[in-house]
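Novice: Here it is: the structure, laid out below.
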Amino acid sequence: MSAMDLNSHIEKILWTDQEISQRVSELASQITQDFSTNSDSSSSSSAPIIVGVATGAFLFLADLVRKIQLPISVDFVRIESYGSGTVSCGKPKITCDLKIDVRDKHVIVVEDIVDTGSTLSFLIEYLKSKGSLSVSVCTLLDKPARRKVNFELVGSGKFYCGFECPDYFVVGYGLDFAELYRNLPYVGVLKPELYQ
């Protein structure tokens, strides 16, 4: 299946690669500003640890961290809650843990999409139990229409959101359906006949 075939599976594009790039730059600037003023930015011990939620957040995280002007560390955690379907099963579990110690550190969780809130709430509690000073969240997409669990940030944590997503099943820019479409440079709505 070629990229042209994948493009034909998209009902409509919600955010182009240019719109995403602009918004990522804005988020990175805000994070840089917030964490420069809240801590001694020359100290790597006070700089945030960026924790990407694999696999969906990998493109967003890569673009974001290259624009953050702080001495950050980066790690990934893998949490499964979807399987190969389109609806979160609501029972997240960590299948690949962090390598970096987050105790007494500021953590920014980078997500592709916040949907039901179950995975994010689970991860925030997990990071809190590991002794994080603060937990912030930076998500490319927020889909509040699907929220089932309200999450609480830790300490002075902030919520950074790229775009509010309408209640469509979206793919591209890291987001997948059955591990396909992650490589599309935009975020688009997948034609319903392809997943129903």
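Novice: Quick one: which residue in 122, 159 is closer than 23 Å to residue 187 by Cβ, open to solvent by 30 Å² or more (accessible area, probe 1.4 Å) and of a type outside the set (A, V, I, L, M)?
Specialist: 159
Novice: Looking at the structure I just gave you, is residue 124 at pLDDT 95 or above, out of contact with any Lys or Arg (no Cβ under 6 Å at 6 or more places or on another chain) and over 25 Å from residue 147 (Cα atoms)?
Specialist: no
Novice: List every residue pair whose Cβ atoms sit under 8 Å apart, with the two residues 6 or more apart in sequence or on different chains, where the first one lies in the range 139-153 and is within 10 Å of residue 166 (Cα to Cα) and the second, anywhere, is among the hydrophobic types (A, V, I, L, M, F, W, C) and part of a loop (DSSP other than H, G, I, E, B).
Specialist: Close Cβ pairs satisfying both conditions: 141/165; 142/165; 143/165.
Novice: Something else about it: Taking the options 129, 88, name whichever one is at pLDDT below 90 and more than 24 Å from residue 36 (Cβ to Cβ).
Specialist: 88
Novice: Please verify whether the range 138-148 includes one or more residues that are open to solvent by less than 20 Å² (accessible area, probe 1.4 Å), of a type in the set (D, E, K, R) and at negative phi.
Specialist: So far as the range 138-148 goes, yes, one or more of its residues are open to solvent by less than 20 Å² (accessible area, probe 1.4 Å), of a type in the set (D, E, K, R) and at negative phi.
Novice: Right, another one. Looking only at the range 146-158, decide whether some residue is under 25 Å from residue 62 (Cβ atoms), in contact with a Leu (Cβ under 8 Å, 6 or more places away or on another chain) and among the basic types (Lys, Arg).
Specialist: No, that holds for no residue.
Novice: In addition: I need a count of the residues in the range 127-146 that are farther than 18 Å from residue 50 by Cβ and polar (S, T, N, Q).
Specialist: Total satisfying the criteria: 1.
Novice: Count, please, the residues in the range 154-196 that happen to be without any contact (Cβ under 8 Å) to a residue 60 or more places away in the chain and among the polar types (S, T, N, Q).
Specialist: The number of residues fulfilling the criteria is 1.
The values are calculated or read from the model by the stated rules, or taken from the named source; none is laboratory data. Computed from a predicted model, the values in this text were never measured in an experiment. Heads up, the Cβs are rebuilt from the backbone with ideal geometry, glycines too, and the neighbour counts pull from every protein chain shown. Surface accessibility is based on the protein's heavy atoms, side chains included, excluding ligands, DNA and RNA. Shrake-Rupley method; radii C 1.70, N 1.55, O 1.52, S 1.80 Å.
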